[in-house]
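Asks: Okay, handing you the structure first.
The values are calculated or read from the model by the stated rules, or taken from the named source; none is laboratory data. These figures come from a predicted structure and were not determined experimentally. Positions of Cβ are generated from backbone atoms using ideal geometry, with glycine treated the same way; all protein chains shown enter the neighbour counts. Surface areas here come from the heavy atoms of the whole protein model, side chains and all, with no ligands, DNA or RNA. Shrake-Rupley method; radii C 1.70, N 1.55, O 1.52, S 1.80 Å.
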Amino acid sequence: MKDALKSPFFWGFTLLMLLALSVIVYYAPVERTMGLVQKVFYFHVASAWVGLVAHTVVFAASILYLWKRSGGSDRLARASAEIGTVFISCTLLTGPLWAYPIWNTWWTWDPRLTTTLVLWFMYAAYIALHGGGASEARKRLAAVYGIICFINVPLVFFSTRWWRSIHPVVISSEGIALTPKMRVAMFVSVGVFSVLYFYLLRLRMKSLELQERVRHLKAQLLA
Amino acid sequence: MLKFGRRILLIYRKDLQDELRSTDHLLSTLVFGTMLVFVFSFALELADVGTEQIFPAVLWVSIFFMSVLALQRSFAKEREYGALDALLLASGERSVLFYAKFLFSLTVLLLLELVVVPLLWIFLDVGVGSASLWFFLAAVLAGSWGLAAVGTLLNGITVQLPGARLLFPILAFPLLIPLLMGAILCTQGALSGQVQAVLGWFYLLLVFDLLFTVLPLLLFDYILEG
Amino acid sequence: MAFFVAGYLVVWALVFLYTSFLYNGQRKLEQELAFLEELVGKQADLPC
């Protein structure tokens, strides 16, 4: 924790988070029927957005790894999976906090909710499979699993959508169902969360690289 | 070089012979399956739940758990005795190995279900009045097909990592969610005799099966590389 | 209000915990790396 407090980057991002918060609290209007609770939406959507981007990155990096076998693409996939899981956790936790006052239930088996939960489980499994990437086999097998997971996501989504859906659709092909001010607040929070994603990604990739070097040195010492 | 299908059949026959020669694993999985049936029906009886509505869910959860034991066999033996390289050499292509192991897993799973499904049916006291037996069998077959395909694919992954047996269900279950939904709803439709209403779910099962039967053609080479 | 604050706190806490977890790991790795590099250097000095 001390190390985090010493980093200028960390403080920069704390400031950005506060900026997003103030835009959400002061700038964005209060929704007429739902009231203040609706503002959970901004974090909820932003973290869901980052989660989806992160998992798409895992898919792309996994393909790249199987193709080029570069350590960088493996680290990218692993770091992205981890951060994506953190943000998906945020989505899964903020969702019920909005749903309870509005739907009067913490959880329902709606397509989006179910898909998000399955996504979380799949990437938790991916991280468990990858481990620290201690061997070439683990990296390769995790890459294969990352590809399978991504292909499975639409299947999960459409099967649950067929079943039932009550989740509000804010962004559809017809446009965004938000007032202009709300839209600005949403884009600000999505922007801040995206920057946060890239920052964490860089940090995690660096530590994974260090891990690799430590492992390499240990092997060298034992040889 | 032998034809693709012929090579698959040869490996499949070898595995099946081997499995039937020493039946202890098959038998203990079967005992586990019947135990599941017993525990479920006993627990449901205690809770006083309408068994007819809950039958499809219990059936597929039992099959899920049973498959965790049944589907981890495909590559285990070769790995244990270090015969994987020889088998790879003999099969020529890695996908041949996948399809042989897939057929083997499917056969084992169906053999187990042959005992467990009727038992569960009897224990839960489900009526046969309006049930469509053919559709029920088709649903079980389609569900088992997908289970065996995903299981074989993931077994190829977990068998290469020491101490990864526990990883298998963790990797498998989230992937199997669409299959679980389709299989349960199809079974429900079959029991109530309303096949038309759940036909869409049957097609979903078929799409799932097709996907995980074709995907290994592309990915299995990477799995068994080392 | 309470739900909104709870939502913000959840996001903030998760991200903060993850970031400090990263920094912590980073520091430990750097220490380990320095130690190992020193060891490797010593090993190279020794006549075999």
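For (1) more than 30 Å from residue A:102 (Cα to Cα); (2) modelled with pLDDT under 85; (3) at the interface with another protein chain (Cβ under 9 Å from one of its Cβ atoms); (4) surrounded by 11 or more Cβ atoms within 10 Å (Cβ to Cβ), each residue gets a yes or a no:
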residue: C:3; (1), (2), (3), (4): no, yes, yes, yes
residue: C:23; (1), (2), (3), (4): yes, no, yes, yes
residue: C:26; (1), (2), (3), (4): yes, no, yes, yes
residue: C:39; (1), (2), (3), (4): yes, yes, yes, yes
residue: C:45; (1), (2), (3), (4): yes, yes, no, no
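Asks: Also: Tell me whether segment B:106-119 contains one or more residues that are modelled with pLDDT under 90 and among the charged types (D, E, K, R).
Replies: no
Asks: Something else now. With respect to residue B:75, determine if the residue is at pLDDT below 90, within 26 Å of residue B:167 (Cα to Cα) and of a type outside the set (A, V, I, L, M). Talk me through it step by step, then tell me what you get.
Replies: On the way: at pLDDT below 90: yes; within 26 Å of residue B:167 (Cα to Cα): yes; of a type outside the set (A, V, I, L, M): yes.
The answer is yes for residue B:75.
Asks: Go through the residues of segment B:140-158 one by one and say whether even a single one is touching a residue at least 24 places away in the same chain (Cβ under 8 Å) and more than 16 Å from the chain's Cα centre (by Cα).
Replies: Yes, segment B:140-158 contains at least one residue that is touching a residue at least 24 places away in the same chain (Cβ under 8 Å) and more than 16 Å from the chain's Cα centre (by Cα).
Asks: Quick one: is residue B:200 open to solvent by less than 60 Å² (accessible area, probe 1.4 Å), of a type outside the set (A, V, I, L, M, F, W, C) and in a helix (DSSP H, G or I)?
Replies: Numbers: open to solvent by less than 60 Å² (accessible area, probe 1.4 Å): yes; of a type outside the set (A, V, I, L, M, F, W, C): yes; in a helix (DSSP H, G or I): yes.
Spelling it out, residue B:200 is indeed open to solvent by less than 60 Å² (accessible area, probe 1.4 Å), of a type outside the set (A, V, I, L, M, F, W, C) and in a helix (DSSP H, G or I).
Asks: Could you name every one of the helices (runs of 4 or more DSSP H) located completely within segment B:1-106 that has at least 2 residues being open to solvent by 50 Å² or more (accessible area, probe 1.4 Å) and more than 30 Å from residue B:129 (Cβ to Cβ)? So that I can check it myself, show each step before the final result.
Replies: Working: elements: B:4-21, B:24-47, B:51-70, B:76-80, B:84-91.
So the answer is B:4-21, B:24-47, B:76-80, B:84-91.
Asks: With the requirement that a residue be buried (at least 22 other Cβ atoms within 10 Å of the Cβ) and under 18 Å from residue B:219 (Cβ atoms), what does segment A:56-80 give you?
Replies: To start, the set of residues in segment A:56-80 that are buried (at least 22 other Cβ atoms within 10 Å of the Cβ) comprises A:58, A:61-62, A:65, A:74-80.
Residues satisfying the conditions are A:58, A:61, A:62, A:65, A:74, A:77.
Asks: Related question: Just a yes or no: is a residue in segment A:63-78 more than 11 Å from chain C (Cβ to nearest Cβ), among the acidic types (Asp, Glu) and touching a Phe, Trp or Tyr at 6+ places or on another chain (Cβ under 9 Å)? Break it down into steps so the answer makes sense when it comes.
Replies: First, pick out the residues of segment A:63-78 that are more than 11 Å from chain C (Cβ to nearest Cβ): A:63-78.
Then keep just the ones that are among the acidic types (Asp, Glu); that gives A:74.
Next, from what is left, pick out any that are touching a Phe, Trp or Tyr at 6+ places or on another chain (Cβ under 9 Å): A:74.
Checked against the condition, which is being more than 11 Å from chain C (Cβ to nearest Cβ), among the acidic types (Asp, Glu) and touching a Phe, Trp or Tyr at 6+ places or on another chain (Cβ under 9 Å), segment A:63-78 yields at least one hit.
Asks: Quick one: in segment A:94-110, which of the residues that are without any contact (Cβ under 8 Å) to a residue 12 or more places away in the chain and not in a helix (DSSP H, G or I) is surrounded by the most Cβ atoms within 10 Å (Cβ to Cβ)? Working first, answer last.
Replies: Taking segment A:94-110 first, the residues without any contact (Cβ under 8 Å) to a residue 12 or more places away in the chain are A:96, A:99-100, A:104-107.
From the residues that got through so far, the ones that are not in a helix (DSSP H, G or I) too are A:104-107.
Details: A:104: 7, A:105: 9, A:106: 10, A:107: 14.
It comes out as A:107.
Asks: When the residues of segment B:161-175 are filtered to those that are out of contact with any Leu (no Cβ under 7 Å at 6 or more places or on another chain) and in contact (Cβ under 8 Å) with a residue 60 or more places away in the chain, which remaining residue is least open to solvent (accessible area, probe 1.4 Å)?
Replies: B:169
Asks: Let me ask another. Give segment A:192-202 a look and list any residue that's of a type outside the set (Val, Ile, Thr) and in contact (Cβ under 8 Å) with a residue 40 or more places away in the chain, or say none. Give the derivation first.
Replies: Of all residues in segment A:192-202, those of a type outside the set (Val, Ile, Thr) come to A:193-194, A:196-202.
Matches in segment A:192-202: A:193, A:194, A:196, A:197, A:199, A:200, A:201.
Asks: Of the conditions (1) more than 9 Å from chain C (Cβ to nearest Cβ); (2) touching a residue at least 12 places away in the same chain (Cβ under 8 Å); (3) under 30 Å from residue A:31 (Cβ atoms), residue A:208 satisfies every one except a single condition; which number is it?
Replies: Exception for residue A:208: condition (3).
Asks: Let me spell it out: the conditions are (1) under 27 Å from residue C:12 (Cβ atoms); (2) open to solvent by 30 Å² or more (accessible area, probe 1.4 Å); (3) touching a helix residue (DSSP H, G or I) at 6+ places or on another chain (Cβ under 9 Å), and residue A:114 meets all of them except one. Which number is the exception?
Replies: Exception for residue A:114: condition (2).
Asks: Among A:80, A:135, A:89, A:70, which is the only one that is within 20 Å of the chain's Cα centre (by Cα), small (Gly, Ala, Ser) and over 24 Å from residue B:180 (Cβ atoms)?
Replies: Details: A:135 fails: within 20 Å of the chain's Cα centre (by Cα); A:89 fails: over 24 Å from residue B:180 (Cβ atoms); A:70 fails: within 20 Å of the chain's Cα centre (by Cα).
Step by step, each of A:80, A:135, A:89, A:70 is checked, and only A:80 is within 20 Å of the chain's Cα centre (by Cα), small (Gly, Ala, Ser) and over 24 Å from residue B:180 (Cβ atoms).
Asks: Let me ask you something else. How many residues does segment B:187-222 contain that are without any contact (Cβ under 8 Å) to a residue 24 or more places away in the chain, under 30 Å from residue A:63 (Cα atoms) and within 10 Å of chain A (Cβ to nearest Cβ)?
Replies: Step one: list which residues in segment B:187-222 are without any contact (Cβ under 8 Å) to a residue 24 or more places away in the chain, which gives B:194, B:196-201, B:203, B:207, B:210-211, B:214, B:218, B:222.
Right, trim to under 30 Å from residue A:63 (Cα atoms) and you get B:203, B:207, B:210-211, B:214, B:218, B:222.
Next, only the ones that are within 10 Å of chain A (Cβ to nearest Cβ) stay: B:207, B:211, B:218, B:222.
Of the residues in segment B:187-222, 4 are without any contact (Cβ under 8 Å) to a residue 24 or more places away in the chain, under 30 Å from residue A:63 (Cα atoms) and within 10 Å of chain A (Cβ to nearest Cβ).
Asks: Also: Could you check segment B:132-160 and list, in sequence order, the residues that are open to solvent by 10 Å² or more (accessible area, probe 1.4 Å) and at the interface with chain A (Cβ under 9 Å from one of its Cβ atoms)?
Replies: Selection gives B:160 alone.
Asks: What are the residues in segment A:125-138 that are in a helix (DSSP H, G or I), more than 8 Å from chain B (Cβ to nearest Cβ) and open to solvent by 30 Å² or more (accessible area, probe 1.4 Å), if any?
Replies: We begin by selecting, within segment A:125-138, every residue in a helix (DSSP H, G or I); these are A:125-130, A:136-138.
Those still in the list that are more than 8 Å from chain B (Cβ to nearest Cβ) too: A:126-127, A:130.
Listed by number, the list holds a single entry, A:127.
Asks: For residues in segment A:173-223 being basic (Lys, Arg) and open to solvent by 40 Å² or more (accessible area, probe 1.4 Å), which is farthest from residue A:52 (Cα to Cα)? Full working, then the answer.
Replies: Residues of segment A:173-223 basic (Lys, Arg): A:181, A:183, A:202, A:204, A:206, A:213, A:215, A:218.
From what's left, open to solvent by 40 Å² or more (accessible area, probe 1.4 Å): A:181, A:183, A:202, A:206, A:213, A:215, A:218.
Numbers: A:181: 25, A:183: 20, A:202: 18, A:206: 22, A:213: 30, A:215: 31, A:218: 36 Å.
Among those residues, the one meeting the criterion is A:218.
Asks: Mind listing just one residue for me: the one in segment C:11-21 that is under 13 Å from the mean Cα position of the chain (by Cα) and facing another protein chain (nearest Cβ under 7 Å) and, of those, modelled with the highest pLDDT?
Replies: C:18
For every residue, the table says whether it meets (1) modelled with pLDDT under 90; (2) more than 30 Å from residue A:143 (Cα to Cα); (3) within 21 Å of the chain's Cα centre (by Cα).
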{"position": "A:7", "(1), (2), (3)": "yes, yes, no"}
{"position": "A:18", "(1), (2), (3)": "yes, yes, yes"}
{"position": "A:22", "(1), (2), (3)": "yes, yes, no"}
{"position": "A:25", "(1), (2), (3)": "yes, yes, no"}
{"position": "A:33", "(1), (2), (3)": "yes, yes, no"}
{"position": "A:45", "(1), (2), (3)": "yes, no, yes"}
{"position": "A:54", "(1), (2), (3)": "no, no, yes"}
{"position": "A:61", "(1), (2), (3)": "no, no, yes"}
{"position": "A:66", "(1), (2), (3)": "no, no, no"}
